[in-house]
Amino acid sequence: KAGVTQTPRYLIKTRGQQVTLSCSPISGHRSVSWYQQTPGQGLQFLFEYFSETQRNKGNFPGRFSGRQFSNSRSEMNVSTLELGDSALYLCASSRGQNYGYTFGSGTRLTVV
Amino acid sequence: ILNVEQSPQSLHVQEGDSTNFTCSFPSSNFYALHWYRWETAKSPEALFVMTLNGDEKKKGRISATLNTKEGYSYLYIKGSQPEDSATYLCAYPAGGTSYGKLTFGQGTILTVHP
């Protein structure tokens with residue numbers, strides 16, 4: 001059974017650029033969430049999508065956006081990158097009510 | 001701001017020891033409490049999703065209990081093994097369902113020495 005797939009695994013971008021990260025959830029999982037992990041802040045919730053609709057949003061600036069497609073695949077976009085956006089970005093999918101999340105391996109973004 | 005607190009921050013035990021750690025969360029509007037294990041160089045792995053007060057879940061040597069009235073959950077590991085070394089995270093869903101918008105605690109880092 002395929003897990004949650006995130007691409008790319010590693011990315012180096014320059015300040016001011018924009019980036020798009022991709023996530024393919026487990027087949028049949030309609031809920032997809034994104035998290036940012038930094039050493040000082042731990043795992044921080046970015047947003048959750050369910051059936052192509054953003055259902056929840058975390059406390060991140062508008063430079064962070066996302067979307068979900070009809071096949072449940074999701075993308076997140078960060079525009080005007082800042083040094084502080086350097087982090088591990090994790091995507092996770094869930095079957096739904098009373099089920100936990102399955103996480104992908106993450107995308108390690110470095111902004112220089 | 002939702003506060004999910006975990007203690008201790010880190011724990012060193014010897015192989016064979018039993019251990020436990022705590023997660024505290026808001027006791028109002030409870031939907032669920034999640035536990036995850038995050039091993040180095042891997043992705044977080046779901047251990048339990050607990051939804052009922054008094055709930056007790058078990059997976060091998062790991063078990064968890066839940067007290068929604070007072071807002072805490074305990075995770076127990078019986079007979080710790082070096083492969084149990086990981087960061088154990090609890091998470092509280094704050095989006096009005098039992099799973100969306102998880103707020104994670106800072107985690108308990110467990111090191112099991114052979």
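Taken together, the values in this text are just the output of simple stated rules run on the coordinates, not laboratory data. What you see is a predicted model; the values in this text were computed from it and never measured. Neighbour counts are summed over all protein chains in view; Cβ atoms, including those assigned to glycine, are modelled from backbone coordinates with ideal geometry.
Remarks
- Charge sum, other residues only, whose C-beta stays under 9 Å from A:F69's C-beta, Lys/Arg counted +1 and Asp/Glu -1: 0
- Percent of C-alpha pairs per 5 Å bin, the protein assembly as shown, short to long: 1, 7, 15, 19, 18, 16, 12, 7, 3, 1, 0
- Among the residues of A:96-109, the average count of other protein chain beta-carbon atoms within 10 Å of the residue beta-carbon is 5.
- Interchain or long-range residues, amide H under 5 Å from A:G106's placed H: A:Q6, A:C91
- Anisotropy class of chain A from Cα gyration tensor, a/c 1.5 cut: prolate
- Summary: within chain B, the longest segment free of trypsin sites (Lys or Arg not before Pro) located in DSSP loops with at most 12 other C-beta atoms within 10 Å is B:70-114.
- What the phi angles of the range B:70-77 give under the Karplus curve with 6.51, -1.76 and 1.60, with θ = phi - 60°, is a coupling list of 9, x, 8, 9, 10, 10, 10, 10 Hz, glycine and proline written as x.
- Lys/Arg +1, Asp/Glu -1 at C-beta; the range A:8-101 dipole; positive extreme among A:Y10, A:L81, A:L43: A:Y10
- Using θ = phi - 60° and Karplus 6.51 cos²θ - 1.76 cosθ + 1.60, couplings along the range A:86-100 (whole Hz; Gly, Pro as x): 4, 5, 9, 9, 10, 10, 9, 10, 9, 6, x, 3, 6, 10, x
- For the range A:22-81, a crude dipole built from +1 on the beta carbon of Lys and Arg and -1 on the beta carbon of Asp and Glu, taken about the Cα centre, is about 60 debye to the nearest 20.
- Cα-Cα pairs of chain B separated by more than 18 Å (percent): 45 percent
- Packing-based exposure ordering (other Cβ within 10 Å, fewest first) of A:R55, A:R63: A:R63, A:R55
- Its relative contact order, with pairs defined as Cα atoms under 8 Å and 6+ residues apart, puts chain A at 37 percent.
- Dipole magnitude for chain A: about 160 debye, using +1 per Lys or Arg Cβ and -1 per Asp or Glu Cβ, origin at the Cα centre.
- C-alpha center-to-center spacing [the range B:1-73, the range A:35-112] in angstrom: 23 Å
- Here the 3J(HN,Hα) profile of the range A:60-75, calculated from phi with Karplus coefficients 6.51, -1.76 and 1.60 at θ = phi - 60°, is 10, x, x, 5, 9, 9, x, 7, 10, 9, 5, 8, 6, 4, 10, 10 Hz, Gly and Pro shown as x.
- Candidate lysines - alpha carbon under 30 Å from B:K101, same-chain residues fewer than 8 apart omitted: A:K1, A:K13, A:K57, B:K42, B:K57, B:K58, B:K59, B:K69
- Per-residue average of Cβ from other chains inside 10 Å of A:30-38: 2
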